Amino acid sequence: MRLYRYQLRFWRGRALLAAGGVSVLVAGAGIVLAGVASAAATRYEAESAPATCDGVIESNHAGYSGSGFCNANNAVGAAAQFTVTASVAGAATLGVRFANGTTTARPADVLVNGSRVTGASFAGTGAWTTWTTLALTVPVNAGGNTIRLSPITANGLPNVDAVDFEVTGGSVGGDGRPSDANIQYYGRWNKSDSSYYAMGWAGGYLDARFTGNSIGVRQRNTIDLYYSIDGAPIQWRRNVSGNVTLASGLSGGTHTIRIGYRERAGSYTGDPVFGGLILASGAQTAAIGRPSNLVEFIGDSITVGQPNANRPFTAYPWLTAEGLGAAHTQVAQGGACLVSQDCYGMMDWFRRSSASATYDDWNFSTYQATAVVINLGTNDIGHGVSTTQFQQGYITMLQRVRQAYPNAEIFAMGVFRNRYVTETRNAVAARNAAGDSRVRFVDTAGWVDPATDTSDNVHPTEAGHVKIAQRLRPIIDQYI
Ligand code: GCU
Ligand code: CA
């Protein structure tokens, strides 16, 4: 048996960034789910353990494969059961090879791992020596699965020869609700309300694949949302609420969508929640890949991308990670500091699910970052944080990030305004000396020219963010 796995390949977008463009790639567009559809089916014979037959294994009607077939008892519930192995979870095609020498169809329940997933009807084939294959689609888990054919009439099953089993597609079609396992979330989402998942920090987004010729999204109260279909440039839909149609008249086949929301911050009190995808009639969601790398960016307004209108997707975190083919999160808040001294101190706040959480409520096992980039220190000066306090705070921050993400590469950026840079460097050295070798200082001297790359001497313009991403991406790329 050939084992196929999803081969996730992400177009890394280097050329685009190198060219200084500000177009944004959507990871979903570059995902290739390869190999699965062409996987050869594997045959499981009814007469071979661990298959079971509530009847007898016989070989008196020619045309079977292997050494015989299951002649199950003619009774309700007299089953044939197979144990199949799936290389990945998802939808599988099951070809049930059978013969029914009568003129009456024999219906059965199909149970996967003990749960009924569908029904099947085995029509008369004309003779007990005439074998045919009935194709069914069933959901399976990765690894071993039992497939049980359990008749629902007193005639029992037909004679069952074998099943041909093949995983043919990602997860089983989903309904687009927030809890749909085919939807991939990035960032910190509060999922306690099953109707609306709430985006915690800035820069959260979700990816999905779907069938059908239209797509929409269910919102609650007014929000600015952005989206991209099939990797097209990201577009805004501002001040929308309720059921929002995003596209119609799409071509057949499957499509990808990414959706994200403007963060709640300052005077903006939009409602950044996701209430589910609105699919066309009869359409479904399908599995979408998840990059193997996730870069978490911890910072302040610069990391959010404020005040640029197209934040977060024109901010350096998004651009840097997309350029690496990585997922990304922006645990960042305008005005944030490192130290909590009359300020959002991210050394504490990065442990929270959102900037409005009241305690360190985030569960870091929800996702693990493979790289963490810290850009903090621009605002501490305005809150009277001493250099000693800052350095000690930064050491604590680095310890905490390590605790949260045991396997991450950690990058401590010197801030563009050259504040506490020596202390940042010293904190990294202290952690290195303590044995954490995967913490690195990123020297950003000369990256940002306040006169040309910022709008106000502090906040990079969109072009400024592109420049930062061009510098940062190759540094991270060396380690992840
Ligand atoms: C006949 C046939 C069997 C079959 C049975 C049935 O006896 O020979 O192979 O299983 O009919 O009706 O189930
Ligand atoms: Ca029988």
Problem set entry | Thr366 among the hydroxyl-bearing types (Ser, Thr, Tyr), surrounded by fewer than 23 Cβ atoms within 10 Å (Cβ to Cβ) and under 23 Å from Gly325 (Cβ atoms) | yes
Seminar exercise, completed: Subset of segment 54-102, residues within 17 Å of Trp131 (Cβ to Cβ), more than 15 Å from ligand 2 (Cβ to nearest atom) and part of a loop (DSSP other than H, G, I, E, B), comes to Ala62, Gly63, Ser65, Gly66, Ser67
Exercise. Any idea which of (1) crowded, with 20+ Cβ neighbours inside 10 Å; (2) part of a strand (DSSP E or B) is the one Trp201 doesn't satisfy?
Worked result: (2)
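Inspect segment 206-229 for any residue being within 17 Å of the chain's Cα centre (by Cα) and closer than 21 Å to Thr303 by Cβ and give the result as yes or no.
Yes, there is a match, as at least one residue in segment 206-229 is within 17 Å of the chain's Cα centre (by Cα) and closer than 21 Å to Thr303 by Cβ.
Every residue, every condition in (1) touching a strand residue (DSSP E or B) at 6+ places or on another chain (Cβ under 8 Å); (2) assigned by TED's automatic domain parsing to the domain that holds Ala326; (3) more than 26 Å from Asp342 (Cα to Cα), yes or no:
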position: Leu398; (1), (2), (3): yes, yes, no
position: Arg417; (1), (2), (3): no, yes, no
position: Arg440; (1), (2), (3): yes, yes, yes
position: Val448; (1), (2), (3): yes, yes, yes
Exercise. Do we find a residue being farther than 25 Å from Ala463 by Cα and assigned by TED's automatic domain parsing to the domain that holds Gln399 anywhere in segment 312-323?
Worked result: no
Exercise. Restricting to segment 104-126, what's the tally of residues that are at negative phi and exposed (fewer than 13 other Cβ atoms within 10 Å of the Cβ)?
Worked result: 5
Exercise. How many residues are more than 24 Å from Val167 (Cα to Cα) and loosely packed, with under 14 Cβ neighbours inside 10 Å if we restrict to segment 45-62?
Worked result: 4
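What residue, among those in segment 224-258 that are in a strand (DSSP E or B) and of a type in the set (Val, Ile, Thr), is farthest from Ala280 (Cα to Cα)? Before the answer, list the steps.
As a first pass, look at segment 224-258 and keep what is in a strand (DSSP E or B): 224-229, 235-240, 243-247, 254-258.
Then keep just the ones that are of a type in the set (Val, Ile, Thr); that gives 229, 240, 244-245, 254, 256-257.
Details: Ile229: 15, Val240: 20, Val244: 13, Thr245: 11, Thr254: 12, Thr256: 14, Ile257: 14 Å.
Of everything passing the filter in segment 224-258, Val240 is farthest from Ala280 (Cα to Cα).
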Exercise. Could you say which residue among Leu277, Leu338 is touching a Ser or Thr at 6+ places or on another chain (Cβ under 7 Å), touching a residue at least 12 places away in the same chain (Cβ under 8 Å) and surrounded by 18 or more Cβ atoms within 10 Å (Cβ to Cβ)?
Worked result: Leu277
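The values are calculated or read from the model by the stated rules, or taken from the named source; none is laboratory data. The structure displayed is predicted, hence computed values, not measured ones. A quick note on method: Cβ atoms are made from the backbone with ideal geometry, for glycine too, and the neighbour counts reach across all protein chains shown.
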